[in-house]
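The structure appears below as structure tokens.
The values are calculated or read from the model by the stated rules, or taken from the named source; none is laboratory data. Note that this is a predicted model, so its numbers are computed, not measured. Note: ideal-geometry Cβ built from the backbone for every residue, glycine included; neighbour counts use all protein chains shown.
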Amino acid sequence: MTIKTSHDEGDLLDKLGAFFDSKIQPKMKDIEKLLKKEIELGKLKPENLIDYDPDSSFSYISAFLRDKGVSAVMPSSRFLVDRVLKAMDLGHAPVVVEFGPAEGVMTRRILHSMPEDGVLLAIELNGDFVKSVKRIRDPRLRVVQGDVQDVEKHMARLGLPKADVLVSGIPFSFFDAEGRVRLLDKIDSCLKPAGRFVAYQVTTHLIPLLRRKFRDVDGFLELRNIPPHFVFTAKK
Ligand SMILES: C[S@@+](CC[C@H](N)C(=O)[O-])C[C@H]1O[C@@H](n2cnc3c(N)ncnc32)[C@H](O)[C@@H]1O
């Protein structure tokens, strides 16, 4: 397996610095202001920190502050989305399953790249994100509020055949060792014989498990994301 970095170091640091200054820093200032206001008012509790509003630029961070299952402080960057989309190779993938779409940055791009007669099942636990992703108007999209551990049930209930590609943004670190193996077994059983599983993760602990289960495993480190993510492609 090869782990490649996407840029040489100097170039990368410049780009990360510019990205941080232009995209993150202005938002941090606004978030700081909000926090200060909440502290002054003496009501700094997660449940009334910031109401979830899908149209607000704070929507994702609001969900992150309330729900530890959200795990990443920001949606995937376009660099990570590009990398994941490339790994998914969606040109001939009529049936796709997405774990943890959050607000749908990946979902929109998947729909853009997959066949016109395809179907995309997105499974999300967080109710606010479900409402958000349901606003995507595309007849190929099925959004289910539920746990990815029940993926087989969700697919059966919707009458879906086995998937060509399954992509996951959920942190496997949330599961214990047995839970990870169980979920990978389910993923395997939901995929067609030549299907592929793509996972974007902060850690590398999936590698040995993927190697045990899949014929071919490849990886890539995308640094231009907060936090940097590994993208693993596992082919059956
Ligand atoms: C790191 S975020 C995904 C980011 C998103 N796909 C993106 O590209 O911006 C993980 C998502 O998985 C969802 N999630 C976590 N555990 C889950 C589970 N067991 N079943 C379904 N969704 C889950 C969280 O609510 C969250 O939206």
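Among the residues of the range 94-109, write down those that are buried (at least 21 other Cβ atoms within 10 Å of the Cβ) and more than 12 Å from the chain's Cα centre (by Cα).
Val95, Val96
Look at Ala199 and say whether it is within 13 Å of the ligand (Cβ to nearest atom), under 18 Å from the mean Cα position of the chain (by Cα) and at pLDDT 95 or above.
Taking the combined requirement at face value, the residue satisfies it.
What is the number of the single condition among (1) in a loop (DSSP other than H, G, I, E, B); (2) without any contact (Cβ under 8 Å) to a residue 60 or more places away in the chain that Pro161 does not meet?
Here Pro161 meets the rest and fails (2).
For Ser173, indicate whether it is more than 10 Å from the ligand (Cβ to nearest atom), out of contact with any Cys (no Cβ under 9 Å at 6 or more places or on another chain) and closer than 20 Å to Asn225 by Cβ.
yes
When residues of the range 113-132 are filtered for being in a helix (DSSP H, G or I) and under 23 Å from Lys162 (Cβ atoms), how many remain?
1
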